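Each reported figure results from applying straightforward, stated rules to the coordinates on display, with no laboratory input. These figures come from a predicted structure and were not determined experimentally. Positions of Cβ are backbone-derived with ideal geometry, glycine not excepted, and every protein chain shown enters the neighbour counts.
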Amino acid sequence: MPVSVRSFAKINLGLCIGALGPDGYHELRTIYQTIALHDVIRVWVERGSGIEIRCEDPRVPNDESNTCYRIVERAMAALKARGRVVIEIEKRLPVQGGLGGASGNAVATLLALERAVKKELPGPDRLRIAAEVGSDLPLFLVGGTVLGIGHGEEVYPLPDLPSVPCVVVTPEIGVSTPQAFAEWDALYGGDAAELRSTGQVGTPAPTQAELTPARASDRIIEFGRVLSAWLSAQGKVKSGKGLSGVSASGRGRAETPLLDLVRTGIENDFERVVFPQYPELCEVKRVLGQAGALYASLSGSGSAIYGFFRTQPAAEKAAARLRKTGFEAQATATLTRRQYWKKFLVSSF
């Protein structure tokens, strides 16, 4: 019998692109957040050898270029297991959408495979294998709100935040992450730039005149300072010391820690190069703001755009409004770490 698991998506709460290193990769700082949208992965092991990938979506590769194939290859060797592994991928998430679909699929496949062969890898081995396959795979071994540094593969769990309603818009545009990095390097020479933020949802892409050059290391340091200040504030709330000021909703900050985080001004640097290439994505962000989003952003390098809402009915109403104007939009919610693992490791539906 196949082992079936959900393969959840992620969004990025801010993404800072640092300098290009000697290894050819950029230093990154980002906060990953898992959400309830998901694919479904089914794995079983037969007699024989090899790896077979089945998927009705023709855009999903069925050879060794697939992340699921690569992680199974490594895991079978590490587990010292034998057999022909069959992986069935039911795609519900967009391909090249910035939601981590392929990466989440790989981690879901790994955990389903362990169940199928009735063997488990030690935690450090799981993380190592995941990082070897792709930079944003390890986050799916943590779930919830996760700090990503290095190339994004070095992950640290952040405080488990209450679930927040959100809308995810998935335009029929495939944004290539390598191409987005190439555009960044062409504009900034591998270095970062500092943008004067207006703090407004749906802000148009900045012009060159709005950018003030700054070293990439300065941007990375600033991201860390913002995160440290936010974590310190959350610690005061938990300790009962309270905070001065309230959120934009008029409620105490402790009620909306995730919204407080994004309101610190963290941004996704990819918007600076992706929005000029795909103006329709900037328009989606603007429409989300008009529909009532308290915060909206590109996820990863795109093309998915998400917005946070105060209530689930408000999110559902906004998604319906967006669909009427021709956008593919879904109302969903962020997943706490506990919700992620409770829903993730389910073998029947």
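In the range 72-169, which trypsin sites (Lys or Arg not before Pro) fall in coil by DSSP and have 15 or fewer other Cβ atoms within 10 Å? Passing both the DSSP loop test and the Cβ count: LYS80, ARG82, ARG92, LYS118, LYS119. Quickly work out the GLU280-to-GLU154 label distance, labels modelled 7 Å from Cα along the C-beta direction, and quote it in nm with one decimal. Each label point is offset 7 Å from its Cα along the Cβ direction, giving 3.9 nm. Quick one: length gained pulling ASP57 to GLU73 fully straight, 0.36 nm per residue minus the C-alpha distance? Taking ASP57 through GLU73 to full extension adds about 3.5 nm, to one decimal. Rounded to the nearest 0.05, what FRET efficiency do GLU64 and ARG115 give with R0 = 25 Å and r taken as the Cβ-Cβ distance? Could you check? In this case the efficiency is close to 0.60. The GluC sites (Glu not before Pro) found in the range 51-143 that occupy coil by DSSP, while having at most 13 further C-beta atoms within 10 Å, are GLU56, GLU64, GLU120.
If you find the alpha carbon centre of the range 257-296 and of the range 142-161, how far apart are they in angstrom? Spelled out, the Cα-based centre of one part sits 21 Å from the other.
Relative to the current alpha-carbon distance between ALA229 and THR177, full extension at 0.36 nm per residue lengthens the span by 15.7 nm. For ARG84, nonlocal amide neighbours, meaning residues 5 or more places apart or on other chains whose placed amide H falls under 5 Å from its own, are GLU46, ARG47, GLY48, SER49. Projection of the Cα convex hull of the range 3-159, averaged over all directions and equal to a quarter of that hull's surface, yields 9.3 nm².
Couplings 3J(HN,Hα) of the range 26-40, computed from phi: 7, 6, 10, 9, 8, 10, 8, 9, 6, 10, 7, 5, 7, 8, 10 Hz, in residue order, whole Hz [Karplus 6.51 cos²θ - 1.76 cosθ + 1.60, θ = phi - 60°; x for Gly and Pro]. For the range 269-349, GluC sites (Glu not before Pro) meeting the loop criterion (DSSP other than H, G, I, E, B) and having at most 16 other Cβ atoms within 10 Å: GLU328. How high is the FRET efficiency between VAL95 and ASP185 when r is their beta carbon distance and R₀ equals 25 Å, given to the nearest 0.05? It comes to 0.55.
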